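Below is one structure, written out as structure tokens; comments come after it.
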Amino acid sequence: MKQKDESKSRLKSIQKSSGRHFFRSLRRIFRYGFIGFFRNIWLSITATIVTTLTLVLLFATIIASLVLSNTAEVMRDKIDITIFFKPGTSADVLSKMSVTMLADSNVKQLSYSTSEEEYEKFLEEAKSSDNKALLIALEDDEDGLMKETFLKQLQATMRIKVHHAEELSSIKKIVAEDELFVANLDTEREPTYNSNDLAISTITSWANIATKGGIALCGLFLVISILVIFNTIRMAIYSRAEEIYMEKLVGADNFFIRGPFLVEAMASGILAGLFAGGLGILIFNLAEPQLKSYDIAVGSIDTFLAEPLNIVLVFLALVGTGMVVTLISSRLAVHKYLKRV
């Protein structure tokens with residue numbers, strides 16, 4: 001019984017001392033790592049700059065892809081398909097046709113105007129643009145001949161907003177085959193099915209180019225970053241080869257030898273993530289007014305970055321990515337060296 005108690009006591013003391021030994025070793029690893037980081041300061045700065053560029057490109061690629069995709073979506077939402085009917089088409093006929101069109105599941109919103117209503121809109125536009133010559137001519141039109149001429153030329157219209165701008169086959173079928181539509185369509189003006197297709201396809205293609213080009217550049221800089229950090233750590237290892245040899249002689253394990261170099265790399269990754277986050281947000285804030293002036297949709301990104309918690313998350317994501325990149329490359333360098341010794 002006494003022997004058992006002594007064994008338990010000895011085991012507890014060993015566990016306590018091993019725990020203290022582990023934390024003491026960990027503390028030394030971090031201390032030696034930070035010393036090594038500042039000892040090879042120029043190599044550390046180079047590794048940090050290259051990693052920062054990689055992370056800034058990653059940030060810019062994600063932002064550009066989101067902004068251009070949002071812009072394409074906003075443009076799709078603004079699409080207003082206009083169908084033109086013969087001048088003088090009555091409100092009752094337009095109402096019946098609107099019921100038929102609204103039955104289509106792709107139709108989100110619909111409005112229609114008679115020739116008279118189109119004439120009123122025309123007058124409002126003339127007033128808002130301050131077209132004095134036209135307004136004076138209309139005021140002098142006491143017998144109403146000019147108005148009558150306009151009404152004979154102004155088509156009645158139906159404006160449709162859709163859920164899916166790329167899927168208009170069902171709407172086209174109604175316009176082409178429904179008897180009421182066919183009887184009242186104005187043959188001189190075709191419906192504006194394709195008026196926004198070019199702009200949307202251009203924005204979409206730019207979004208794809210931004211995503212693919214950004215990924216390619218990120219991949220290139222990622223490889224460069226890994227190579228730079230790999231060689232930085234290798235140079236640090238060779239400059240301390242004698243120290244490593246002495247550590248091996250006194251019984252240091254690979255964990256203790258590898259640790260300081262991983263800490264050096266981790267410090268570069270943390271700094272690169274912080275710099276990249278600051279630069280990325282600064283560049284976006286500087287470019288935002290110019291982007292808005294070109295009707296590029298940056299509202300969702302702006303709203304996201306307006307929240308302090310989201311900014312913290314951006315920094316954490318970039319710091320985490322930087323640490324992963326630098327730790328992988330440094331671990332490869334140390335592993336390759338330790339296999340030789």
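The values are calculated or read from the model by the stated rules, or taken from the named source; none is laboratory data. All values reported here derive from a predicted model rather than from experimental measurement. FYI the Cβ positions are ideal-geometry reconstructions off the backbone, even for glycines, and counts take in every protein chain you see.
See the values below:
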read-out	value
Subset tally (residues that are part of a helix (DSSP H, G or I) and either of a type in the set (Asp, Glu) or more than 30 Å from GLU117 (Cα to Cα) (or both)) for the range 70-89	5
Residues of the range 90-109 that turn out to be part of a strand (DSSP E or B) and of a type in the set (A, V, I, L, M, F, W, C), as a count	1
In the range 283-318, residue surrounded by the most Cβ atoms within 10 Å (Cβ to Cβ) [restricted to those that are free of Cβ contacts under 8 Å to residues at least 60 places away in the same chain and of a type in the set (Ser, Thr, Tyr)]	THR303
Some residue of the range 277-288 being touching a helix residue (DSSP H, G or I) at 6+ places or on another chain (Cβ under 6 Å), hydrophobic (A, V, I, L, M, F, W, C) and more than 26 Å from THR48 (Cβ to Cβ)	no
Qualifying residue in the range 66-89 (condition: of a type in the set (Phe, Trp, Tyr) and in contact with a strand residue (DSSP E or B) (Cβ under 8 Å, 6 or more places away or on another chain))	yes
Subset of the range 69-89 (residues that are crowded, with 22+ Cβ neighbours inside 10 Å and not polar (S, T, N, Q))	ILE81, ILE83, PHE85
Filter pass, GLY280 being of a type outside the set (A, V, I, L, M, F, W, C), in the same structural domain as VAL67 (by TED's automatic domain parsing), modelled with pLDDT of 85 or more and surrounded by 13 or more Cβ atoms within 10 Å (Cβ to Cβ)	yes
Options VAL56, VAL67; residue that is within 30 Å of LEU318 (Cα to Cα), at pLDDT below 85 and either outside the structural domain of GLU117 (by TED's automatic domain parsing) or not in a helix (DSSP H, G or I) (or both)	VAL67
